[in-house]
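Colleague: Here it is: the structure, laid out below.
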Amino acid sequence: MEKDIYILAIESSCDETAAAVMKNGREECSSVIYSQIELHKLYGGVVPEIASRKHIEKINPVIKEALKNADKKLSDIDAIAVTYGPGLVGALLVGVAEAKALAYAAGKPLVGVHHIEGHIAANYIENKDLEPPFICLVVSGGHTHLVKVLDYDSFEIIGRTRDDAAGEAFDKVARAIGLGYPGGPKIDRLSKEGNKFAIDFPRAKVDGNEFDFSFSGLKSAVLNYLNQSEMKGIEINRADVAASFQYAVIDVLTQHAITAVKESGLNKLAIAGGVASNTSLRENIEEACKKEGIEFYHPLPIYCTDNAAMIGAAGYYNYLKGVRHGLDLNAVPNLKIGER
């Protein structure tokens, strides 16, 4: 019988300080997340300097709790995985420095993990039968990608946003209609009270690649609608605005993803990233997949937002592939997917 592999994973790319212990890449032994959302709400978004300082304060207690909850000591761990990009440079540096210190002190291998590859790997935790190749739609505050997952460590980007990420558009529109931060969950909730067909917001088509996305025009259309309504003294139904905007985003995401799967011939679609926890997006894609006979995979909502369990899952497969990093590992805020 093969030996079980335990990975201690650390995630600090934005405003969540997280640690987890993962067994064989797909079984969560523990997962601890300290969220800074309430702190950053005061400023209407993430303040990088504040995020970095809070990571420094919380990272040791979070790691200790993760080990305790897993009933493991550092000596029981086979490798330490850490997000080293992309993300906020100061926040990333806290996690990377911590991982390097632990790896050095305990004499454990260090495995750097790409944050987006971690989001994709979140699907392996809940879906034990999912294996590459498949298409993955990654939708978050900073990224909107269509990725062909060729293997656990091999990725091909077939579509990406040319401007705003979908999550970024959600936050900006939420701010414009007075919902505040974080915008995605608030628009998701409010949209359930509105009519998604009330306002016909545009869907952008991008020249050169049918799978690329653009959301800046949609964001501008919403702002123009709000400004013109105010100038004309027309009462604004915020629920209708939220529902119509969200439907425009979801419509494009779904169409692109389904078309990508059909053209790839893979017949498997997964979603990942913070926006993948949006209930309407999940329902819309699931319905489209059933109609087209496509197998649909998605993580639990807790694995869609930033967490360390997904980093442990990706780190496990990197570890098996022989990926090792030295103590010169640095934060790479603009790290491209597939880079090592």
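The values are calculated or read from the model by the stated rules, or taken from the named source; none is laboratory data. This structure is a prediction, so every number in the text was calculated from the model and none was measured. So basically every Cβ, Gly included, is an ideal-geometry build from the backbone, and we count neighbours across all protein chains shown.
Yes/no matrix, rows are residues, columns are (1) over 21 Å from Glu230 (Cβ atoms); (2) among the acidic types (Asp, Glu); (3) in a loop (DSSP other than H, G, I, E, B):
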residue	(1), (2), (3)
Phe170	yes, no, no
Tyr181	yes, no, yes
Lys196	yes, no, yes
Phe201	no, no, yes
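Colleague: Kindly evaluate Lys23 against the criterion of being free of Cβ contacts under 8 Å to residues at least 40 places away in the same chain and in contact with an Asp or Glu (Cβ under 7 Å, 6 or more places away or on another chain).
Modeller: yes
Colleague: What are the pairs, 6+ residues apart or on separate chains, where a residue within region 181-200 that is farther than 22 Å from Glu168 by Cβ and touching a residue at least 24 places away in the same chain (Cβ under 8 Å) has its Cβ under 9 Å from a residue that is in a loop (DSSP other than H, G, I, E, B) and not β-branched (Val, Ile, Thr)?
Modeller: Listed by first residue and then by second, the contacts come to Asn195/Asn237; Ala198/Asn237.
Colleague: A further question follows. Select, from Ala91, Ala81, the only residue that is buried (at least 24 other Cβ atoms within 10 Å of the Cβ) and in contact with a Phe, Trp or Tyr (Cβ under 8 Å, 6 or more places away or on another chain).
Modeller: After applying the criteria, what remains is Ala81.
Colleague: Something else about it: Would you point out the residue of region 267-325, among those that are under 11 Å from the mean Cα position of the chain (by Cα) and hydroxyl-bearing (Ser, Thr, Tyr), that is farthest from Ile7 (Cα to Cα)?
Modeller: Among those residues, the one meeting the criterion is Ser277.
Colleague: Does Ala221 qualify as being assigned to a helix (DSSP H, G or I) and farther than 22 Å from Leu179 by Cβ?
Modeller: So Ala221 fails the test.
Colleague: Just one of Lys196, Lys186 is over 23 Å from Leu266 (Cα atoms) and in contact with a Leu (Cβ under 8 Å, 6 or more places away or on another chain); which is it?
Modeller: Answer to the selection: Lys186.
Colleague: Please report, ordered by residue number, the strands (runs of 3 or more DSSP E) entirely within region 2-103 with at least 2 residues that are modelled with pLDDT under 95 and not assigned by TED's automatic domain parsing to the domain that holds Met310.
Modeller: Where strands (runs of 3 or more DSSP E) fall fully within region 2-103, none carries at least 2 residues being modelled with pLDDT under 95 and not assigned by TED's automatic domain parsing to the domain that holds Met310.
Colleague: Continuing with the same structure: If we keep just the residues of region 204-216 that are surrounded by 14 or more Cβ atoms within 10 Å (Cβ to Cβ) and of a type outside the set (Phe, Trp, Tyr), which is farthest from Thr259 (Cα to Cα)?
Modeller: Within region 204-216, the match that is farthest from Thr259 (Cα to Cα) is Ser216.
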